[in-house]
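The values are calculated or read from the model by the stated rules, or taken from the named source; none is laboratory data. Just so it is clear, the structure is predicted and the values come from calculations on it, not from any experiment. Every residue, glycine as well, gets a Cβ built from its backbone with ideal geometry; the counts of neighbours run over all protein chains shown.
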Amino acid sequence: MRKFVTVAVVALLLAAVASALCAEKQSEPFTVVTSEEARAMIDRQEPGLVVIDARSPGEYQEVHIKGAINIPWQMLEHNPSALSLPLDSRLIFYCNGFKCGKSPKAARLAAKLGYRNLFVLSEGMPAWEEKGFAIYAGPEYEKKVETSRIPPKELQKLLSAGGGDVTLVDVRAPQEYTDGHIPGAINIPAERFASLSGGLVKEKRIIVYCNSGGRSYNAYRKLQKMDFRSISQAIFADWQEAGLPVAKGAAP
């Protein structure tokens, strides 16, 4: 009898948690949309549709969704009149990806001003770029970034120490990962890196690697744009040349 009571209690607790999460999700004054959904809205030229970049003016000038206007969320917070569109406008806010809080904050501020047709592009600018959708690229867009390289022996020591503070990401194709990868690495292919980055934790050190540096450089650059602060780059060819262990098999 006690077992059945325990199971029932657990079931009730799980139901309560699920209900709370659902209520929290429904309480947001905006609808989350994917890049594809946002592009379809733009392509349909929906009446009153305005795309708003909630990032800083510098980020906006470097690259933004074509046709978007720039209203940084801090500006909206301190000067609500910065958003002076008709209240029945359909507003899509975006910033720098899943972990970026600027667009949700801007949408909540817009809701307080009386706007009701609100959307947040949670994938943000990095995924929009990655998918090849229309952008405006400023003069600083192609500016080369300096990566922080980590040598093979140092990487091995770091991984051996454990602790869960490091996430190692193989950004090569799934088949390359299956054929041989650094033990402990997860696989997020470079061409979909921003779109699949939702599981990465900003508080951890993220180390990206590929065979020779090209694809991991692109992933590193995307992480910078998504405001990850602790990033390093490794090279799989250097790992192999150092005679360090290689694991085989598909990603879990």
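Quick one: count up the residues across the range 156-173 that are outside any loop (DSSP other than H, G, I, E, B) and either within 30 Å of residue 64 (Cα to Cα) or outside the structural domain of residue 235 (by TED's automatic domain parsing) (or both).
Residues of the range 156-173 that are outside any loop (DSSP other than H, G, I, E, B), as a first pass: 156-161, 166-170.
Imposing the further condition that a residue be either within 30 Å of residue 64 (Cα to Cα) or outside the structural domain of residue 235 (by TED's automatic domain parsing) (or both) reduces the set to 167-170.
Qualifying residue count for the region: 4.
I'd like to verify a number: residues in the range 112-135 that are surrounded by 15 or more Cβ atoms within 10 Å (Cβ to Cβ) and more than 17 Å from residue 221 (Cβ to Cβ), how many?
Matching residues across the range 112-135 total 8.
Among the candidates 188, 182, single out the residue that is surrounded by 15 or more Cβ atoms within 10 Å (Cβ to Cβ), of a type in the set (A, V, I, L, M, F, W, C), in the same structural domain as residue 206 (by TED's automatic domain parsing) and without any contact (Cβ under 8 Å) to a residue 60 or more places away in the chain.
188
I need a count of the residues in the range 51-74 that are surrounded by fewer than 18 Cβ atoms within 10 Å (Cβ to Cβ) and not in a helix (DSSP H, G or I). Explain how you work it out, then say what you get.
Residues of the range 51-74 that are surrounded by fewer than 18 Cβ atoms within 10 Å (Cβ to Cβ), as a first pass: 56-58, 61, 66-67, 69-70, 74.
Retained after the next criterion (residues that are not in a helix (DSSP H, G or I)): 56, 66-67, 69-70.
Residues that pass the stated criteria total 5.
Quick one: count up the residues across the range 54-92 that are in contact with an Asp or Glu (Cβ under 8 Å, 6 or more places away or on another chain), touching a residue at least 24 places away in the same chain (Cβ under 8 Å) and either under 18 Å from residue 131 (Cα atoms) or among the β-branched types (Val, Ile, Thr) (or both).
The total comes to 6.
How about the range 205-252: which of its residues are under 14 Å from the mean Cα position of the chain (by Cα) and within 19 Å of residue 158 (Cβ to Cβ)?
Across the range 205-252, the qualifying residues are 206, 219, 220, 223, 228, 229.
Contact list please: Cβ distance under 8 Å, first residue in the range 210-234 and at positive phi, second residue modelled with pLDDT of 95 or more and hydrophobic (A, V, I, L, M, F, W, C), pairs at least six apart or on different chains.
Filtered contacts from the range 210-234: 213/235.
Among the candidates 68, 54, 40, which residue alone is closer than 21 Å to residue 192 by Cα and not β-branched (Val, Ile, Thr)?
Numbers: 68 fails: closer than 21 Å to residue 192 by Cα; 54 fails: closer than 21 Å to residue 192 by Cα.
When all the criteria are applied, what remains is 40.
Out of 232, 212, which single residue is of a type in the set (Gly, Ala, Ser), surrounded by 13 or more Cβ atoms within 10 Å (Cβ to Cβ) and not assigned by TED's automatic domain parsing to the domain that holds residue 103?
On the way: 212 fails: surrounded by 13 or more Cβ atoms within 10 Å (Cβ to Cβ).
Among 232, 212, only 232 is of a type in the set (Gly, Ala, Ser), surrounded by 13 or more Cβ atoms within 10 Å (Cβ to Cβ) and not assigned by TED's automatic domain parsing to the domain that holds residue 103.
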